[in-house]
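Structure first, commentary second.
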Amino acid sequence: MLIIDEIMVDDLVPYLQFACNLDKCLGHCCTMEGGLGAPLLPAEIEELQKSYKVVKDFLPREHVETIERLGLFEHIDGEYTTMCYNNKACVFVYYDGSVAKCSIEKSYLDGKLKWRKPISCHLFPLRIKYNGFTRLYYQRISECDVALEQGKRENIYLSDFLKDSLIRAFGNSWYVKFNNLCQNMRINNKNS
């Protein structure tokens, strides 16, 4: 376990090579079965509500109906998550052909929102766990195996692929320390 400014990082993270391939995974991280959507921080609830007003018109009809009936998010055992349609797709998913994409991020990239999306989505496949301390770990799902393969082919490390989201979550100073540590660990691993 690595510790960077009181953030614990699983030992596997520095060595993972990863680059999303939406053409192959079809945005599965936004449509995983299980009934719970993306984890939300309490401070993100207001942003989610503002976002809905902007994205509502291009969401699938059944997602809007789910939101109107059940709300934007769930609050279970002190944890917040986005609401899901049919215990699967996040209600903020829209489809670009057969690829599930985030309507909030699309609106952000189009300049219609200032908030990009929940930090848990931006960091995926890394997850944050809070248990009196903050732990950052890789959540393996088989649908991301193609991203691991593409990362290896293109020599892109997860620490680089998620640079923007890691800076957003922990700050630039933390990211520089983290990335330097990852690079040093990889160099030392090659030399041993």
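The values are calculated or read from the model by the stated rules, or taken from the named source; none is laboratory data. Computed from a predicted model, the values in this text were never measured in an experiment. Virtual Cβ from ideal backbone geometry, glycine too; neighbours counted across all protein chains shown.
Restricting region 72-113 to residues that are in a loop (DSSP other than H, G, I, E, B) and basic (K, R), the residue that is surrounded by the fewest Cβ atoms within 10 Å (Cβ to Cβ) is K112. Within region 164-177, residues that are without any contact (Cβ under 8 Å) to a residue 24 or more places away in the chain reach partners that are buried (at least 19 other Cβ atoms within 10 Å of the Cβ) with beta carbons closer than 6 Å, at six or more positions or on different chains, in the pairs I167/Y175; Y175/L166.
If the condition is being of a type outside the set (V, I, T) and under 18 Å from the mean Cα position of the chain (by Cα), then region 75-100 contributes E79, Y80, M83, C84, K88, A89, C90, F92, Y94, Y95, A100. Screening the candidates D10, D57 for the property of being over 24 Å from K112 (Cα atoms), modelled with pLDDT of 90 or more and not hydrophobic (A, V, I, L, M, F, W, C) yields one hit, D10.
Charged (D, E, K, R), more than 23 Å from L36 (Cα to Cα), surrounded by 12 or more Cβ atoms within 10 Å (Cβ to Cβ) and modelled with pLDDT of 95 or more - does that describe any residue in region 117-133? Among the residues of region 117-133, not one is charged (D, E, K, R), more than 23 Å from L36 (Cα to Cα), surrounded by 12 or more Cβ atoms within 10 Å (Cβ to Cβ) and modelled with pLDDT of 95 or more, which makes the answer no. When Y85 is tested against (1) farther than 24 Å from E33 by Cα; (2) aromatic (F, W, Y); (3) free of Cβ contacts under 8 Å to residues at least 60 places away in the same chain; (4) outside the structural domain of D5 (by TED's automatic domain parsing), only condition (1) is not met.
If you go through region 21-66 and keep only what is charged (D, E, K, R) and either in a helix (DSSP H, G or I) or touching a His at 6+ places or on another chain (Cβ under 7 Å) (or both), you end up with D23, K24, E44, E46, E47, K50, K53, K56, D57, R61, E62, E65. Scanning region 2-20 for residues that are assigned to a loop (DSSP other than H, G, I, E, B) and either without any contact (Cβ under 8 Å) to a residue 60 or more places away in the chain or buried (at least 17 other Cβ atoms within 10 Å of the Cβ) (or both) returns D11, L16, F18, A19, C20.
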